[in-house]
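The values are calculated or read from the model by the stated rules, or taken from the named source; none is laboratory data. This one's a predicted model, so the numbers in the text were calculated from it and none came from an experiment. Every residue, glycine as well, gets a Cβ built from its backbone with ideal geometry; the counts of neighbours run over all protein chains shown. All accessible areas refer to the heavy atoms of the entire protein, side chains included, with ligands and DNA or RNA removed. Shrake-Rupley method; radii C 1.70, N 1.55, O 1.52, S 1.80 Å.
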Amino acid sequence: MSRSTKSRLTTQAAIADKQVVVVGANRGIGLEFVRQFLEKGNSVVATARTPSRATDLNKLAEKHSKLTVTEVDVTSMESIKAWAKKLRGDIKQVDYLINNAGVAKWADLGSLQEEDMLHLFRTNTLGPLMITQEVLREGLLKSGSVVANMTSKMGSMEDNTSGGSYAYRASKAALNAVTKSLALDLEDKGITVALMHPGWVKTDMTNHSGLIDAQTSAAGLISLLESNKPLSCHWYDYKHEEIPW
Ligand SMILES: NC(=O)c1ccc[n+]([C@@H]2O[C@H](COP(=O)([O-])OP(=O)(O)OC[C@H]3O[C@@H](n4cnc5c(N)ncnc54)[C@H](OP(=O)(O)O)[C@@H]3O)[C@@H](O)[C@H]2O)c1
């Protein structure tokens, strides 16, 4: 490989002056995404289920005029449709849609509850899919737009060597299937659909027992989106390492 080709492959295009939407942004990795996208000079629409209680997000919005806090519950079609319609009134296009909202439940065989399984499926699988469908329906995803879905390595078939965590594993594995179909269906429109694993992160979801902090995770994932990796139909973690399906 010639030196010029090599340098072209490693050149990164910084994400700046873009319109970013982060779904599930009032705490954890989502809040960190918002912080870092703002620091890079982007405009950000962040979502919370209850904006009046999104203290950290509201504090950020007081300091950053480019941050708008909006309301959506990804388990409610009524809420998603109303949110997407309002979004179309507020902005012209979405350059980066980060589907970050998610829930976990660690129940194992013997204590599984149908309603828990369905709740995780509604939030982790249907949530990102329906959000993407409505944002697309509103005409906000254009050629060059990137949709990035937050999955978990726990949804990988190959990586599952310990069993258990039925609801979480199944909901993220289903999200992976959904993401691949979206990537293939939207390819002709020039829309990239990426799948990202944040690492094991110290947030409420892990009772703050992860290996890395949300800042490190979000920084790694943003640099992944800025990299020249082929994002559609692949799956990477915050260190840009490819994960097996
Ligand atoms: N932390 C990890 O180690 C890890 C590992 C692999 C994958 N992930 C994935 O990374 C993403 C972020 O995780 P996190 O660790 O930052 O979790 P977190 O701290 O628990 O935050 C979850 C976020 O999702 C939002 N959310 C939950 N249900 C929602 C709903 N029905 N509608 C809208 N928003 C909803 C929460 O809002 P509320 O405050 O309103 O609940 C919150 O903003 C998730 O998709 C998770 O599965 C995390």
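Springs between alpha-carbon atoms under 10 Å, Gaussian network over the chain: tell me which of W200, W235, W106 tops the mean-square fluctuations.
Greatest mean-square fluctuation among the candidates belongs to W106.
Report, ordered by chain and residue number, the lysines lying within cross-link reach of K229, taken as a straight Cα distance under 30 Å and ignoring same-chain residues fewer than 8 apart.
K6, K18, K40, K66, K92, K142, K153, K172, K180, K189, K202, K239
For A214, what charge total do you get from the other residues with a beta carbon under 12 Å from its beta carbon, if Lys and Arg give +1 and Asp and Glu give -1? Before the final figure, lay out each step's value.
Values: positive: R27, R35, K202; negative: E32, D56, D204, D213.
Net charge in that neighbourhood comes out at -1.
Could I have the simple spin-label model distance between H234 and K85, label points 7 Å from Cα toward Cβ, reported in nm to one decimal?
Computed distance between label sites H234 and K85 equals 4.0 nm.
Can you give the charge dipole size of the chain about its Cα centre, rounded to the nearest 20 debye, using +1 on the beta carbon of Lys and Arg and -1 on the beta carbon of Asp and Glu?
Details: 29 positive and 27 negative charges, 146 e Å.
About 700 debye.
In terms of solvent-accessible area of protein heavy atoms at a 1.4 angstrom probe, what is the ranking of H119, H197, highest value first?
Details: H119 75, H197 20 Å².
Largest accessible area first, the residues go H119, H197.
Taking a 1.4 Å probe, which of T206, T68 shows the most accessible area, and what order do the others take after it?
On the way: T206 25, T68 60 Å².
Putting T206, T68 in descending order of accessible area: T68, T206.
Under a Cβ-only charge scheme (Lys and Arg +1, Asp and Glu -1), can you give me the dipole magnitude of the range 176-245 about the Cα centre, in debye to the nearest 20?
On the way: 5 positive and 9 negative charges, 12 e Å.
The calculated dipole for the range 176-245 is roughly 60 debye.
Say each of D56 and R137 gets a label point 7 Å from the Cα, pointing the same way as Cα to Cβ; how far apart are those two points in nm?
Using points 7 Å along Cα→Cβ, the separation is 3.2 nm.
Among K40, K172, what's the order by accessible area (1.4 angstrom probe), most exposed first?
Ranked list, largest accessible area first: K40, K172.
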